[in-house]
Amino acid sequence: MKTRHGLRRLLIITLLLGLGGARADGALVVVMSGASGVDSLTREEVINIFLGRFRQLPSGQAALPVDQPEDPALLADFYQRLVNKKPAEIRAYWSRLVFSGKTAPPRQAKSHEEGLKWLSDNPGAVGYMRSDARPSQLKVVFTLGP
Amino acid sequence: MSQSTRTTRGFIQGLALLWGSALIPPASGMDFSLGGFGTLGAARTSDGSAEIVRDLSQPHGVTERWSLDTDSVLGIQANLGFSPELQAVIQAVSRHHYDGTYEPEISWAFLGFTPTPAWTFRAGRLGTEFYMLSDSRLVGYSYTTVRPPVDYYGTLPFNYVDGLDVAAARPLAGGLLKGKLYAGLSREQSPWEDRQFNMSGSLLVGGYLDYLKGPWQVRLGHARVQFDNELPIDDFYSLLPAATANELRVKDHWSHFNSFGIVYDEGPLQTQLMLSKTFAEHATFEDTWAGYFILGYRVQDWTPFVGLSAAKSSPKDLNNPIPGYTDAYQAYFRTDQRTLFLGARWDFRENMALKAQVDIIRGSPDSTFLYRWETSEWDGSMNLFSLSLDFVF
């Protein structure tokens, strides 16, 4: 009996891991509005924008990053691939900047829809999503491979 | 009224004031946010013959009994964005400070203007950024150790100034070059046994250059302070010949702080190396070399760390020494010690971390500047045990 339960648990864990893995395998894309006037960003520029080091686009206008806290797995995956940091480390990083009166963290979208609206309404807005979830009016400016 | 009643009342009044102002609904179109940070920290040492302080703004340090005074802090901050370019920030902090109470004080209150992403101007009450982390050293959640290394940061009693700063950034060679200049007047006090050194009115100016690329950050910094008041020991100076006393007086003389730092922060690996050299244009505060190195490595929610810090000062030669007096006086300001520290940070839930740390401090018996209430038993060495719960909200 014990062995059978153990096997079943192992099977479930394998399935869960497999599914999670499949989800995380897809590319993540950094996106901007089609009207942004920006064709591509470098990894360093994406880091500067999302970590608040320097929020200027190659076009000269201000970059307005937006986070997706309503999808914690996406947010975690994004920062993992961008700077290899856990969400707790990103929060610690922001607590230093916020409580020393420096840059604010990216805008925290309350929903996927709000994030999309922000991205299409603001030419300087920069967001991220899974590549299969990208609406056609948003332009890919950087791709984060698995 | 007892001191503790006064402390509690001041604390509650401060909080009420802050919450009250926070509850006034901002005009529409403004961006308003309220947040805070805090640490509940307990510490004790293995040695009752001196009390090590977190920094020189504290009148008492850690003793052989567990105490919450050294590291515990609560801060509340309101941000008001008038437009994408203009914002106001106010922060109040309650902690064990110069007068032995937890009376809240305004640590930040400024208007910030960011006309372009490359330029930021701020005016009002601003945290001092003498060294890389010194404007956020009360925010325990933001760093790995229980407290910033005392050998390095402890000699700075300056937390804020009333003044202005300007910061600029520009891409350079695939990385980012940032710089900042600041100037302001101190409004703080530093306790001196049962007296207070009034630093209010002292002029602080400084600046730094940062270069960031990938996981690397390098910083060169300079800051200086010109005290507006003498140490509260005129009774001692008046016993000395005028020429000798004048060499020791700090008023109107500059103290200089040069610093260099390298951070390498790549995924789970975090390292920091900082060095500083301070020198004074008077013979009281000793010229000091200080430095530290921290290595931390995250494994899941745990970040064990190990570090080394050291500080060594030396007295100025006096033109008019009074043997037996001036050398004993100068020794009050001496630091000569090394610390090996190790511990771990556990991010056990969102916005909270628990930390434990042991500091093994070894120094010479005349290393007394970072301690309060030393006795004749003091031999320069002690072990310090610390636990903390850090949070942000």
Practice task
Relative to the longest principal axis of the C-alpha atoms of chain B, give the angle of the C-alpha long axis of helix B:3-23, reported between 0 and 90° and rounded to the nearest 10°.
Solution key: 30
Problem - Per-residue SASA entry for A:ASP71, accessible area with 1.4 Å probe, Å² rounded to 10 - result: 40
Exercise for the section: Take B:ASP194, B:ASP99 and sort them by solvent-accessible surface of the protein heavy atoms, 1.4 Å probe, largest at the top. Expected result: B:ASP194, B:ASP99
Handout entry: For peptides B:342-354, B:217-229, B:283-295, B:235-247, sequence by mean Cβ density within 10 Å, most packed first
Key = B:283-295, B:217-229, B:342-354, B:235-247
Problem - Chains A and B, summed buried accessible surface - 1.4 Å probe, Å², nearest 100 - result: 2500
Handout entry: Reduction of at least 40 Å² in accessible surface, 1.4 Å probe, comparing all protein chains with the chain by itself, residues of the stretch B:123-166
Key = B:TYR141, B:SER142
Practice task
Take the alpha carbon atoms of the protein assembly as shown, find their radius of gyration, then divide it by 2.2 N^0.38 Å using N residues; give the quotient.
Solution key: 1.06
Practice task
Quick one: accessible surface of A:LEU41, probe radius 1.4 Å, all protein chains present, in square angstrom to the nearest 10.
Solution key: 10
Handout entry: Volume in Å³ per residue [convex hull over Cα atoms, computed for chain B]
Key = 146
Problem - Table column - 3J(HN,Hα) (Hz), the stretch B:335-345, Karplus curve with 6.51, -1.76, 1.60, x for Gly and Pro - result: 10, 7, 7, 10, 10, 9, 10, 8, x, 8, 10
Problem - At 1.567 mPa s and 4 °C, Stokes D of the stretch A:27-144 from Kirkwood alpha-carbon radius, µm² per second - result: 92
Practice task
Could you name every residue in the stretch A:85-115 that has 30 Å² or more less accessible surface in the full protein assembly than in its own chain alone (probe 1.4 Å, ligands and nucleic acids excluded)?
Solution key: A:LYS85, A:LYS86, A:ALA88, A:GLU89, A:ARG91, A:ALA92, A:SER95, A:ARG96, A:PHE99, A:SER100, A:GLY101, A:LYS102
Fill in the blank from the handout: Note to self, chain B gives a 222 nm [θ] from helices alone (DSSP H runs n ≥ 4, -39500 (n - 2.57) apiece, / all residues, nearest 500) of -3000 deg cm²/dmol
Exercise for the section: Excluding residues fewer than 8 places away in the same chain, name every one of the aspartates and glutamates whose C-alpha is closer than 15 Å to that of B:LYS213. Expected result: A:GLU44, A:GLU45, B:ASP265, B:GLU266
Practice task
Could you tell me the number of lysine pairs in the stretch A:27-144 with C-alpha atoms less than 25 Å from each other, where the two lysines are 8 or more residues apart or belong to different chains?
Solution key: 7
Exercise for the section: Select from the stretch A:85-146 those trypsin sites (Lys or Arg not before Pro) which occupy a DSSP coil region and have at most 16 other Cβ atoms within 10 Å, ordered by residue number. Expected result: A:LYS110
Exercise for the section: Using the heavy atoms of the protein chains and a 1.4 angstrom probe, tell me the accessible area per residue for chain B in square angstrom. Expected result: 43
Exercise for the section: Kindly provide the trypsin sites (Lys or Arg not before Pro) of the stretch B:31-65 that DSSP labels as loop, not H, G, I, E or B, and whose Cβ sees at most 10 other Cβ atoms within 10 Å. Expected result: B:ARG65
Handout entry: With DNA, RNA and ligands ignored, accessible area of B:ILE233 (1.4 Å probe; Å², nearest 10)
Key = 10
Fill in the blank from the handout: Sorted by accessible surface (1.4 Å probe, heavy atoms of the protein chains only), largest first, B:LYS312, B:LYS178, B:LYS355 come out as B:LYS312, B:LYS178, B:LYS355
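Solvent-accessible area per residue for the stretch A:27-144 at a 1.4 Å probe radius, Å²?
So the stretch A:27-144 comes to 39 Å² accessible per residue, rounded to a whole number.
Suppose we keep just the DSSP beta bridges with both residues in the stretch A:24-146; what percent of those would be antiparallel, to 5?
Restricted to the stretch A:24-146, the bridges split so that about 75 percent are antiparallel.
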Problem - Listed residues B:TRP108, B:TRP302 arranged by accessible area, highest first, probe 1.4 Å - result: B:TRP302, B:TRP108
Exercise for the section: Taking amide H positions as placed in the peptide plane 1.01 Å from N, state which residues far from B:ILE322 in sequence (5 or more) or on other chains have amide H under 5 Å from it. Expected result: B:ASP327
Problem - Percent accessible area from carbon and sulfur atoms, the protein assembly as shown, protein chains only, probe 1.4 Å - result: 62
Completion exercise
Any lysines whose Cα falls less than 25 Å from that of B:LYS251, other than same-chain ones fewer than 8 residues away, would be B:LYS277, B:LYS312, B:LYS316
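The values are calculated or read from the model by the stated rules, or taken from the named source; none is laboratory data. As the structure is a prediction and not an experimental result, all values here were calculated from the model. We place every Cβ from the backbone using ideal geometry, glycine too, and count neighbours over all the protein chains shown. Please note that ligands, DNA and RNA were not included when accessible areas were found on the heavy atoms of the full protein model with its side chains. Shrake-Rupley method; radii C 1.70, N 1.55, O 1.52, S 1.80 Å.
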